[in-house]
Amino acid sequence: METWAPPKDFAGRWVLACMAGLAIGAPLATLWGLSVRPSVLATEAGRFGALLVVVRAVGGAIAGGVLGAAQAWALRRAYPDLPAAAWIGVSAGAGFAVAVVSGLAIGALARHGGAMPIAGYVVVGAALHGVLGGVLGGVLFGIGQARVLRSVTDRRGTWPLVVTLGVMLGTLVASLRWIFGLGAAGSVSLVVGAAIGGAVEGLVLGLVTAGAFRVMPPRRAR
């Protein structure tokens with residue numbers, strides 16, 4: 001079997017794509033939420049949280065789609081035949097699903113948290129987002145993206161596991177910004193905090209997953 005190694009500049013390109021994708025996608029999702037939240041809260045469904053979950057889900061799709069677009073740009077360097085639209089689509093879909101579940105969980109915490117102090121909400125909410133969003137996000141992104149990789153490589157079996165690890169670690173590290181108060185107050189702070197958190201999460205994701213491509217030769221190279 002022919003020896004395979006990604007192009008020399010691929011690892012850096014991939015890490016940069018993951019970092020830039022979330023550094024741009026996360027604040028865009030935050031801006032979306034900030035722009036529609038006042039009008040949503042003015043409705044009965046908004047006050048009960050139903051529309052807020054939808055708003056959060058759309059934001060998740062925005063972040064996932066931007067990340068997918070950046071990753072597709074990097075992946076085409078090693079896998080020219082990668083269907084970029086499909087990659088972006090499954091990434092946006094995974095972001096949408098993760099946002100729905102995490103939004104429902106955090107909403108339940110807010111409704112049933114009792115007399116928990118604000119600091120407790122911040123810490124528990126950050127941990128919940130990190131663990132739930134990280135594990136669920138990794139599984140959904142990993143499985144969906146692996147299905148797309150099937151068209152360009154026969155060896156994508158470890159991808160869901162590697163992505164789950166990368167997303168979980170990245171989300172947990174990025175969630176620390178809430179514990180330290182970064183992005184906790186004011187629209188500008190929220191957007192800046194999202195950009196910082198997204199860049200950190202993307203950096204971790206990129207570093208954790210970059211090595212996986214060494215055992216994923218494209219079909220044409222075999």
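The values are calculated or read from the model by the stated rules, or taken from the named source; none is laboratory data. These figures come from a predicted structure and were not determined experimentally. Methodologically, a virtual Cβ is constructed for each residue, glycine included, from the backbone with ideal geometry; neighbour enumeration extends over all protein chains shown. With ligands, DNA and RNA removed, areas are computed over all heavy atoms of the protein, side chains included. Shrake-Rupley method; radii C 1.70, N 1.55, O 1.52, S 1.80 Å.
Points to keep in mind about this one:
- Neighbours by Cβ (under 9 Å, 6+ apart or cross-chain): first from segment 1-16, farther than 29 Å from G198 by Cα; second modelled with pLDDT of 85 or more and part of a loop (DSSP other than H, G, I, E, B): M1/P217; E2/P217; T3/P217; W4/M216; W4/P217
Listed here are the residues, each with its yes/no results for (1) surrounded by fewer than 18 Cβ atoms within 10 Å (Cβ to Cβ); (2) at pLDDT 75 or above; (3) not in a loop (DSSP other than H, G, I, E, B).
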| residue | (1), (2), (3) |
| --- | --- |
| V123 | yes, no, yes |
| G144 | no, yes, yes |
| R147 | yes, yes, yes |
| M168 | no, yes, yes |
| G197 | no, yes, yes |
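- Which numbered condition S151 fails, given (1) of a type in the set (S, T, Y); (2) modelled with pLDDT of 85 or more; (3) under 19 Å from G64 (Cβ atoms): (3)
- With respect to being modelled with pLDDT under 90 and of a type in the set (V, I, T), V215 falls outside the description.
- Number of the exception - V131 against (1) at pLDDT below 85; (2) crowded, with 19+ Cβ neighbours inside 10 Å: (2)
- One residue stands out among those in segment 199-211 that are open to solvent by less than 10 Å² (accessible area, probe 1.4 Å) and among the small types (G, A, S): the one that is farthest from V163 (Cα to Cα), which is G202.
- A210 being at pLDDT below 90 and out of contact with any Lys or Arg (no Cβ under 6 Å at 6 or more places or on another chain): no
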